[in-house]
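Step one of this worksheet: look at the structure below.
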Amino acid sequence: MLPALAIASEQASSAHEYDGRAMTDETTTTPPRLGVVTVSYGSDDVLPGLLASIPAAAGGADAVVVVVDNLPSEGDSEGIARRFGATYVPLPENPGYGGAMNAGVAMLPASVEWVLIVNPDVALDAGSIAALVAYGAAHPDAGSVGPLVRNPDGTAYPSARAVPSLRTGVGHALIGPVWAGNPWTRAYRKDSTETPALRDAGWLSGACVLVRRRVFDEIGGFDEGYFMYFEDVDLGARIGRAGYRNVYEPAAAVTHEGGHSTGRASERMIIAHHDSARRFLSKKYPGPLLWPIRASLSLGLRMRGALAIRRARRASN
């Protein structure tokens, strides 16, 4: 059993105390097909906005909502979850974003066919979840469906990207910081300046993505070896390898504040980002014959991380 799933099992009885109605479905004649899981990390300031936006986004469909708390010692995420009828799952240790999501999905009833994985600092447009579910229901080969993700200023965030390769991913990672418009970064991000259009993607941003529950379970959920960052890249890559599509559906739209939890410890998050990048590339290019490539990538990412940390320190002084 994955660590976070074991934690979720231990938390099951307390979680039912907060939302026994949702988990036992006593008030509905049709078991809920939709689940929404979010992870709080001192998220009191943004969590109410997300939870308040769910009913209109779901288009009237019943949704089981789970709030997993990676920092239960701070704030009142429990009280906020109670107020909105959500199940609250406090974790004794912080397993990272993917681990917490696995714990939340494990709490959903068996009737749930669709899981919206969403950050607490996201506001969902009316009908957005319903549009994602409608596309997925009409296309059985869709393993995940992602919306148009807006930045706070209304511009489109590049939330549907290609799976990083030696060419695009490495070029973006190593050259992007000094040449933002390089061809590798443009290819990796699919250039968000273009008009958003329905299309397949290598992976979809974990800030907000609808995943078919059966597919999520089939591939084992998130890889908990990623503490933060790249867990959504890895999930999308594994969905693709399992024979399913990751689909970008801009008919659904959300707004992502961004940087809510990561801004609390920027230097630590920089390290986590580069550690996760190395993990992903090592998984994608395994074996002794590719060791020189992995070693070169690791050195380049360490240098890039050190440069980013120095810049962050200078900016904070």
Considering every residue within the stretch 219-228, establish whether at least one is modelled with pLDDT under 90, open to solvent by 30 Å² or more (accessible area, probe 1.4 Å) and touching a Gly at 6+ places or on another chain (Cβ under 6 Å). yes
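Hey, could you check the stretch 237-252 for residues that are part of a strand (DSSP E or B) and out of contact with any Lys or Arg (no Cβ under 6 Å at 6 or more places or on another chain) and say which is most open to solvent (accessible area, probe 1.4 Å)? First the steps, then the outcome.
Let us first name the residues in the stretch 237-252 that are part of a strand (DSSP E or B), namely 245-252.
Now drop any that are not out of contact with any Lys or Arg (no Cβ under 6 Å at 6 or more places or on another chain), which leaves 245-247, 249-252.
Values: Arg245: 56, Asn246: 7, Val247: 1, Glu249: 28, Pro250: 29, Ala251: 81, Ala252: 0 Å².
Looking at residues that are part of a strand (DSSP E or B) and out of contact with any Lys or Arg (no Cβ under 6 Å at 6 or more places or on another chain), I get Ala251.
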Count of the stretch 62-77 residues which are touching a Ser or Thr at 6+ places or on another chain (Cβ under 9 Å), at negative phi, open to solvent by 10 Å² or more (accessible area, probe 1.4 Å) and not in a strand (DSSP E or B): 4
Matching residues, the stretch 217-236, being in a helix (DSSP H, G or I) and within 15 Å of Asp141 (Cβ to Cβ): Glu218, Gly236
Taking Leu50, is it touching a residue at least 24 places away in the same chain (Cβ under 8 Å), farther than 18 Å from Leu108 by Cα, within 19 Å of the chain's Cα centre (by Cα) and open to solvent by less than 10 Å² (accessible area, probe 1.4 Å)? yes
List the number of the failed condition for Thr195; all other conditions in (1) at pLDDT 95 or above; (2) surrounded by fewer than 16 Cβ atoms within 10 Å (Cβ to Cβ); (3) over 16 Å from the mean Cα position of the chain (by Cα); (4) not in a strand (DSSP E or B) hold. (1)
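The values are calculated or read from the model by the stated rules, or taken from the named source; none is laboratory data. From a predicted model like this one, the values you see are computed outputs, not experimental measurements. With ideal geometry, Cβ positions are generated from the backbone for all residues, glycine too; neighbour counts draw on all protein chains shown. The accessibility values were calculated without ligands, DNA or RNA, using every heavy atom of the protein model including side chains. Shrake-Rupley method; radii C 1.70, N 1.55, O 1.52, S 1.80 Å.
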